[in-house]
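Have a look at the structure below before the remarks.
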Amino acid sequence: MKSINEVKQFIVELLNLFPNKKTDIYHLGKAYYYANYFALKEHGTLVSTHCCVKLDYGPGIDDYKEIIDDLVEEGVVSREKSYFICLTNNTKQYVSFPEIIQESIKKAYVKVKDKSFNQLKDETHNLESYKKAPVTLRLTIQTIYYQKKR
């Protein structure tokens with residue numbers, strides 16, 4: 001449950017950074033991957049131990065549909081079309097992230113915010129960790145460490 005709450009808090013914090021407090025699930029998944037990457041690379045920790053999965057369009061949050069459904073039911077986000085989510089309650093706090101995690105989320109936002117779906121897809125498909133991952137990409141220290149060494 002702790003890792004799910006960390007993912008929920010990540011989503012709240014990330015959406016707060018986007019104009020109009022909304023983004024699509026593709027940018028959300030890539031930002032989650034990069035936030036964990038930056039947190040591990042620079043601080044030796046992760047945003048959450050909750051897994052990323054290897055999707056056709058690159059890394060995404062494991063069980064993202066269910067997590068977003070929970071956030072909708074809790075009144076924290078709303079859906080716009082099938083793939084956009086919008087923050088509706090930015091006061092909800094699931095966990096309190098330390099400053100180093102908040103910095104990693106901001107760096108991930110900067111990394112993905114101006115890129116199109118295709119740019120993100122191409123970029124993440126070229127990551128060694130993505131290429132070598134089985135169908136379920138586990139965002140482990142080994143996966144991130146391998147990417148860091150490149």
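Read-outs throughout are calculated quantities, based only on the coordinates presented, and are distinct from any laboratory measurement. This one's a predicted model, so the numbers in the text were calculated from it and none came from an experiment. With ideal geometry, Cβ positions are generated from the backbone for all residues, glycine too; neighbour counts draw on all protein chains shown.
Peptides 55-63, 125-133 ranked from most to least packed, by the mean per-residue count of other Cβ atoms within 10 Å: 55-63, 125-133. The C-alpha atoms of the chain define a longest principal axis, and helix 99-112 lies at about 80 degrees to it. With each label modelled as a point 7 angstrom along the Cα→C-beta vector, the LYS65-ASN90 pair spans 3.0 nm. Rounded to two decimals, the Cα radius of gyration of the chain over 2.2 N^0.38 Å is 0.96.
By other beta-carbon atoms within 10 Å, ranking SER82, SER116 with the fewest at the front produces SER82, SER116.
Cα centroid separation, region 1-58 to region 116-130: 16 Å.
Residue-wise HN-Hα couplings along region 26-36, as the Karplus relation 6.51 cos²θ - 1.76 cosθ + 1.60 with θ = phi - 60° gives them from phi, are 5, 5, 4, x, 5, 5, 4, 4, 5, 4, 5 Hz; Gly and Pro carry x.
For region 24-125, averaging the sequence separation of C-alpha pairs within contact (under 8 Å, six or more residues apart) and dividing by the residue count gives a relative contact order of 38 percent. A straight chain from TYR57 to HIS43 at 0.36 nm per residue would run longer than the Cα-Cα distance by 2.3 nm. Distances between placed amide hydrogens fall under 5 Å for CYS52 paired with ASP62, LEU139, all partners being 5 or more residues away or on another chain. The gain in end-to-end length when the SER3 to LYS113 segment is fully stretched comes to 37.2 nm, 0.36 nm per residue minus the alpha carbon separation.
Each residue of region 74-84 is assigned a 3J(HN,Hα), and the resulting list reads 7, x, 8, 10, 10, 9, 10, 6, 8, 10, 9 Hz, derived from the Karplus form 6.51 cos²θ - 1.76 cosθ + 1.60 (θ = phi - 60°), x at Gly and Pro.
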